[in-house]
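The values are calculated or read from the model by the stated rules, or taken from the named source; none is laboratory data. What you see is a predicted model; the values in this text were computed from it and never measured. Note that we place each Cβ from the backbone using ideal geometry, even for glycine, and neighbour counts take in every protein chain shown.
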């Protein structure tokens, strides 16, 4: 199914993770038309997986530089083995809020994924879900490989939590920009609409995905919103995920099915190119992939459960974007939401428009 979730299934993969765009230059990039590649900002110390195309480089020069003020995030976890190729982050880096950042005692409470109710969002949780932090400007970059025909291409995915929001089914959802690059070219770009309830659970309320070839828009291949045409919200990340808890629904879309997740492990130590982490959570998604999550960070690894590798990803960088960088990507997310109103008019046509803080 094409349903997208936190970093895993578009192109028949379980969406669950974080992002990527046609070019990731330090100055960012932008397309020349409303339906072209989106603007992107990245930290100056971000490690580029591939060289952007000539079109991408030309687009990058049209955007004012914001990366110089972006800060790399040093997530919690154990130190990585000494590796000169591994990216480093300054000790002064910003990080998503954690329980220690507030004096309010908060006890996370897992939701029933089958019983979405706007009343669950009446009061904001005092802290961000540590496994999927919805902190505006927080950006994660993962690299790996993907099968495309008979070729195995380098793959990059960039997830950015924007400051844009949209009202969906009575809930204020945050727009998360998910960008996919295969072989250095933008392949897909999506918005995931997420919201955290008062218990600390992150809900999945909709998505919109665009496909690209040669950096140019081809078509919209995914579009759904909770409450429209029978689509139902699900829980993308539980507030307190534990092995042995019942499997739960992450999203349900008519004629496409239900994406289900199951917590299989917690407390693992996992090393990725960016860092080594303790207390790692492993979730099996849609029965086809395992996604690894580190506390205070989010997704750090994606791998198939069995068979030939279709797509693999590992964390290579974390960034807390500058105010300007966050604004640029927030504007791009709003543009995509507007484009969805014409490309998937039967779903998005009558929905509230996404907006950024004024």
Name, by its number, the condition in (1) in contact (Cβ under 8 Å) with a residue 12 or more places away in the chain; (2) over 26 Å from residue 115 (Cα atoms) that does not hold for residue 358.
(1)
Within the range 143-215, considering only strands (runs of 3 or more DSSP E) that don't extend past its boundaries, which have at least 3 residues that are more than 19 Å from the chain's Cα centre (by Cα)?
151-168
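Let's see how each residue does on (1) at pLDDT 95 or above; (2) surrounded by 22 or more Cβ atoms within 10 Å (Cβ to Cβ); (3) out of contact with any helix residue (DSSP H, G or I) (no Cβ under 9 Å at 6 or more places or on another chain); (4) assigned to a strand (DSSP E or B):
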site	(1), (2), (3), (4)
246	yes, no, yes, no
255	no, no, yes, no
268	yes, no, yes, yes
274	yes, yes, yes, no
279	yes, no, yes, yes
306	no, no, yes, no
309	no, no, yes, no
314	yes, no, yes, yes
325	yes, yes, no, no
Taking residue 325 and the conditions (1) touching a strand residue (DSSP E or B) at 6+ places or on another chain (Cβ under 6 Å); (2) in contact (Cβ under 8 Å) with a residue 60 or more places away in the chain, which numbered condition does it fall short on, given that it satisfies the others?
(1)
Residue 229, sole failed condition from (1) assigned to a strand (DSSP E or B); (2) under 23 Å from residue 352 (Cβ atoms); (3) out of contact with any helix residue (DSSP H, G or I) (no Cβ under 6 Å at 6 or more places or on another chain)
(1)
Test: residue in the range 218-235 that is more than 19 Å from residue 350 (Cα to Cα), in contact (Cβ under 8 Å) with a residue 12 or more places away in the chain and surrounded by 23 or more Cβ atoms within 10 Å (Cβ to Cβ):
yes
Report yes if residue 210 is closer than 25 Å to residue 327 by Cα, at pLDDT below 95 and in contact with a helix residue (DSSP H, G or I) (Cβ under 9 Å, 6 or more places away or on another chain), otherwise no.
no
